[in-house]
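The values are calculated or read from the model by the stated rules, or taken from the named source; none is laboratory data. Note that the coordinates shown come from a computational prediction; the quantities given were computed from them, not determined experimentally. We place every Cβ from the backbone using ideal geometry, glycine too, and count neighbours over all the protein chains shown.
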Amino acid sequence: MSPLPLEGVTVVSLEQAVAAPFATRQLADLGARVIKVERPGRGDFARGYDETVRGQSSHFVWANRSKESLTLDLKTPQGREILEKLLADADVFVQNLAPGATGRLDLGTDELTRRYPRLIVCDISGYGGDGPWADRKAYDLLIQCETGLVAVTGTPEEPVKVGIAVADIAAGMYAYSGILTALYERRATGVARSVEVSLFEALSEWMGHPGYYTAYSGGPPPRVGARHATIAPYGPYPTRDGATVLLAIQNEREWASFCAVFLEDADLASDARFHRNSARVAHRAELDAIVTARCAELTADDMVKALDRAKVANARLNSVAEYWDHPVLTGRDRWRDIGTPGGPVRALLPPATLSGVEPRMDAVPAVGEHTDRILRALGYDEETVAALRSSGAV
């Protein structure tokens, strides 16, 4: 196997919750050394979200494998000194603390880049480091609401949140790609650029389609539950045996095949109510009645086979448990075992597969698990480490 692409890159992260940990975990997957700085005692508060994964938080196990945990009290001179020693040799510094926290600690971007010109600083915030909402607290669901995502998600009767931390994940993805870009440019030019990502702007990018639709049509896409707001038929339909299968028509060729093969009514394709997508959306209720009646005649297996014959994309509406045991994940050997403080668990390989590269899939650390080792590498002897622990600096 080839060496991991980011071997030799050191990342120091003052991180909590999801956005920054998700970004740095992906760097760790590719071989970067990620030193996660946590509060002495409880550490990252996301450790306490739940206890479902062998006593560990499900969020934390997902976003924190392959890292080293170092506990520091950055309000103490000793804790601050240790951080500065780490930053002097680090390549990347990531933080997503509360608004203004790094400034109060003299760890703002301008200050750090002045002291460490080769350091790539990545700030992740709710609404950006400046502007009218720079000091406003931001959590995932709040960002979903502010960007209008909740307004276009749900049923006509009720808006609902997305079932995962989509704003955090979006910000983490852009932080990850921004850091990779900055590392590439630094290698090519010697210039270390800082990276700034806000949850609001990350999710705003993902809201591009409904944003354009609303701005240029005069109204937002309707909330239609699990159906597509602007394409029909595209959504879930119940089957005779109580299952649910989702089907998706993308173009007129598929629509004609769907009518002829699945609905067994080729003439329906040219019906004035349904002859193009905008017409089908306008007459969605009539179309859904026809499709629902046909689906009710079939079992889920028979429905999938008929849709496959018609070359129409489809999917079963799986539970999370069914997804977790999906044949594609096992058939493509995507699972690995990793350690956690409570015992081994399964973890999925990163989705981007690099030929000849096996991603790092190391353990999820306990709070402060690597503190002594990191301090010894920095030159602290055992007596000094013990004194630092006694004082609460680590």
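Does segment 189-201 hold any residues that are in a loop (DSSP other than H, G, I, E, B) and surrounded by fewer than 18 Cβ atoms within 10 Å (Cβ to Cβ), and which are they?
GLY190, VAL191, ARG193, SER194
Working only within segment 202-258, note down all residues that are among the basic types (Lys, Arg), in a helix (DSSP H, G or I) and surrounded by 12 or more Cβ atoms within 10 Å (Cβ to Cβ).
none
Residues of segment 54-98 being within 20 Å of the chain's Cα centre (by Cα) and part of a helix (DSSP H, G or I), which ones?
Residues satisfying the conditions are SER58, HIS59, PHE60, VAL61, TRP62, ALA63.
Take ALA366 and tell me if it is farther than 19 Å from GLN26 by Cβ, in the same structural domain as GLY43 (by TED's automatic domain parsing), aliphatic (A, V, I, L, M) and assigned to a helix (DSSP H, G or I).
no
Somewhere in segment 13-28, is a residue farther than 28 Å from ASP135 by Cβ, buried (at least 17 other Cβ atoms within 10 Å of the Cβ) and either among the polar types (S, T, N, Q) or not assigned by TED's automatic domain parsing to the domain that holds ASP135 (or both)?
Within segment 13-28 (the criterion being farther than 28 Å from ASP135 by Cβ, buried (at least 17 other Cβ atoms within 10 Å of the Cβ) and either among the polar types (S, T, N, Q) or not assigned by TED's automatic domain parsing to the domain that holds ASP135 (or both)), the answer is yes, since at least one residue qualifies.
Listed residues LEU86, LEU107, LEU70; which is in contact with a helix residue (DSSP H, G or I) (Cβ under 6 Å, 6 or more places away or on another chain) and either of a type outside the set (Lys, Arg) or surrounded by 21 or more Cβ atoms within 10 Å (Cβ to Cβ) (or both)?
Exactly one residue qualifies, and that residue is LEU70.
State the number of residues belonging to segment 327-348 that are assigned to a loop (DSSP other than H, G, I, E, B) and loosely packed, with under 14 Cβ neighbours inside 10 Å.
Adding up the residues that qualify gives 4.
Which members of segment 279-313 meet the condition of being buried (at least 18 other Cβ atoms within 10 Å of the Cβ), closer than 15 Å to ALA232 by Cα and under 31 Å from the mean Cα position of the chain (by Cα)?
Selection gives VAL312 alone.
Any idea how many residues of segment 369-391 are buried (at least 17 other Cβ atoms within 10 Å of the Cβ), among the hydroxyl-bearing types (Ser, Thr, Tyr) and outside any loop (DSSP other than H, G, I, E, B)?
Final tally of qualifying residues: 1.
Going by the conditions given, is GLU264 outside any helix (DSSP H, G or I) and among the acidic types (Asp, Glu)?
For GLU264, the condition - outside any helix (DSSP H, G or I) and among the acidic types (Asp, Glu) - is met.
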